[in-house]
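Right, one structure below, let's go through it.
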Amino acid sequence: MNHAVADSELDRIEAELGGRAGELERVRLLLADPDPDRRVAAMELLLQSDDDLYRQRAREFGLFSDDPTLRRTAVHAIFDAGGAFRIEMDPVSEDSTNTGEFLQRYRGSRDSAGNGSVAFVLTPGFDAENVCWTDSDDVCRLQPIGDTIHLTSWRLSGGRVVTGDFELDNAGTLQGHVLIGGSGAPVAARIPLVD
């Protein structure tokens, strides 16, 4: 490549960079509007945008915001988009809840330190009739109630269920616990929402 072509290409990149950086600054300003109603409206509109980066910035801004409405909106937008998620569980002692059946039933794994992990996939959208996010079999997996996300319809043998409650922390992770089979001690768990 000769220097004239390289310079021309760099000029084009710099021009596009300036324009894109200006757009992203405008996104930041919309989300930081001092009027809470305008902030929420801006976030909702950005989350509906065709621009992937606008949606990503709106979700990240909401997850780390002090505004509970923006935080809740970001969590809902993440689950509304569908995709792969995982429940991570702390190691359990022998006298605690047995997580083995949950891990086995839902093809989870346990690392060498004893931490358990169960992956799951949500379909895009929100099931308004059942007020939940569903998997590909149309089974409700997560249900929002206020600022809490509940595990729903995680079945084990003998009609037992896995339940759990999670709330967003300041690091973009839903922190909470799972209770397996309705007995034993709850196990500390989390659902990461950012990489």
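The values are calculated or read from the model by the stated rules, or taken from the named source; none is laboratory data. Computed from a predicted model, the values in this text were never measured in an experiment. FYI the Cβ positions are ideal-geometry reconstructions off the backbone, even for glycines, and counts take in every protein chain you see. Areas reflect the complete protein model, heavy atoms only, side chains present, ligands, DNA and RNA absent. Shrake-Rupley method; radii C 1.70, N 1.55, O 1.52, S 1.80 Å.
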ALA32 is checked against (1) over 21 Å from THR173 (Cα atoms); (2) open to solvent by 70 Å² or more (accessible area, probe 1.4 Å) and fails just one. What number does that condition carry? (2)
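Counting just the residues of the range 55-75 that are open to solvent by less than 50 Å² (accessible area, probe 1.4 Å) and outside any loop (DSSP other than H, G, I, E, B), which one comes out nearest to TRP154 (Cα to Cα)?
First pass over the range 55-75, keeping only residues open to solvent by less than 50 Å² (accessible area, probe 1.4 Å): 58, 62-63, 65, 67, 70-71, 73-75.
Still in the running and outside any loop (DSSP other than H, G, I, E, B): 58, 62-63, 70-71, 73-75.
On the way: ALA58: 31, GLY62: 28, LEU63: 26, LEU70: 28, ARG71: 26, THR73: 25, ALA74: 24, VAL75: 20 Å.
Here the residue is VAL75.
Among the residues of the range 177-185, is any closer than 20 Å to ASP66 by Cα and of a type in the set (Val, Ile, Thr)? Break it down into steps so the answer makes sense when it comes.
Of the range 177-185, the ones closer than 20 Å to ASP66 by Cα are none.
Within the range 177-185, not a single residue is closer than 20 Å to ASP66 by Cα and of a type in the set (Val, Ile, Thr).
Output the number of residues of the range 163-195 satisfying the condition of being under 22 Å from GLY100 (Cβ atoms) and touching a Phe, Trp or Tyr at 6+ places or on another chain (Cβ under 7 Å). Reasoning before the result, please.
Pass one, the range 163-195, residues under 22 Å from GLY100 (Cβ atoms): 163-166, 176-191.
Of the ones still in play, those that are also touching a Phe, Trp or Tyr at 6+ places or on another chain (Cβ under 7 Å) are 176, 180, 191.
Qualifying residue count for the region: 3.
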What's the total number of residues in the range 5-64 that are among the β-branched types (Val, Ile, Thr) and either touching a residue at least 12 places away in the same chain (Cβ under 8 Å) or in contact with a Ser or Thr (Cβ under 6 Å, 6 or more places away or on another chain) (or both)? 2
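If you go through the range 80-88 one residue at a time, do you hit one that is touching a residue at least 24 places away in the same chain (Cβ under 8 Å), under 18 Å from LEU168 (Cβ atoms) and in a loop (DSSP other than H, G, I, E, B)? Spell out the reasoning first.
Pass one, the range 80-88, residues touching a residue at least 24 places away in the same chain (Cβ under 8 Å): 80-88.
With the extra rule that they be under 18 Å from LEU168 (Cβ atoms), the set shrinks to 80-81, 83, 85-88.
This time we only want the ones that are in a loop (DSSP other than H, G, I, E, B), so: 81.
So far as the range 80-88 goes, yes, one or more of its residues are touching a residue at least 24 places away in the same chain (Cβ under 8 Å), under 18 Å from LEU168 (Cβ atoms) and in a loop (DSSP other than H, G, I, E, B).
Name the single residue, out of those in the range 14-29 being open to solvent by 50 Å² or more (accessible area, probe 1.4 Å) and farther than 16 Å from GLN56 by Cα, that is nearest to the chain's Cα centre (by Cα). Let's see the steps before the verdict.
Just the residues of the range 14-29 that are open to solvent by 50 Å² or more (accessible area, probe 1.4 Å), to begin with: 14-17, 20-21, 23, 25-26, 28-29.
Those left that are additionally farther than 16 Å from GLN56 by Cα: 14-17.
Working: GLU14: 34, ALA15: 34, GLU16: 31, LEU17: 29 Å.
Within the range 14-29, the match that is nearest to the chain's Cα centre (by Cα) is LEU17.
Among the candidates GLU88, GLU44, single out the residue that is among the acidic types (Asp, Glu), open to solvent by less than 70 Å² (accessible area, probe 1.4 Å), modelled with pLDDT of 90 or more and under 27 Å from GLY125 (Cβ atoms).
Working: GLU44 fails: open to solvent by less than 70 Å² (accessible area, probe 1.4 Å).
The match here is GLU88.
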Out of all the residues in the range 141-162, which are closer than 14 Å to LEU103 by Cα and of a type outside the set (D, E, K, R)? TRP154, LEU156, SER157, VAL161, VAL162
Can you find a residue in the range 94-115 that is over 18 Å from GLY176 (Cα atoms), within 19 Å of the chain's Cα centre (by Cα) and of a type in the set (S, T, N, Q)? no
What's the number of the only condition in (1) surrounded by 20 or more Cβ atoms within 10 Å (Cβ to Cβ); (2) at pLDDT below 90 that ILE78 fails to meet? (2)
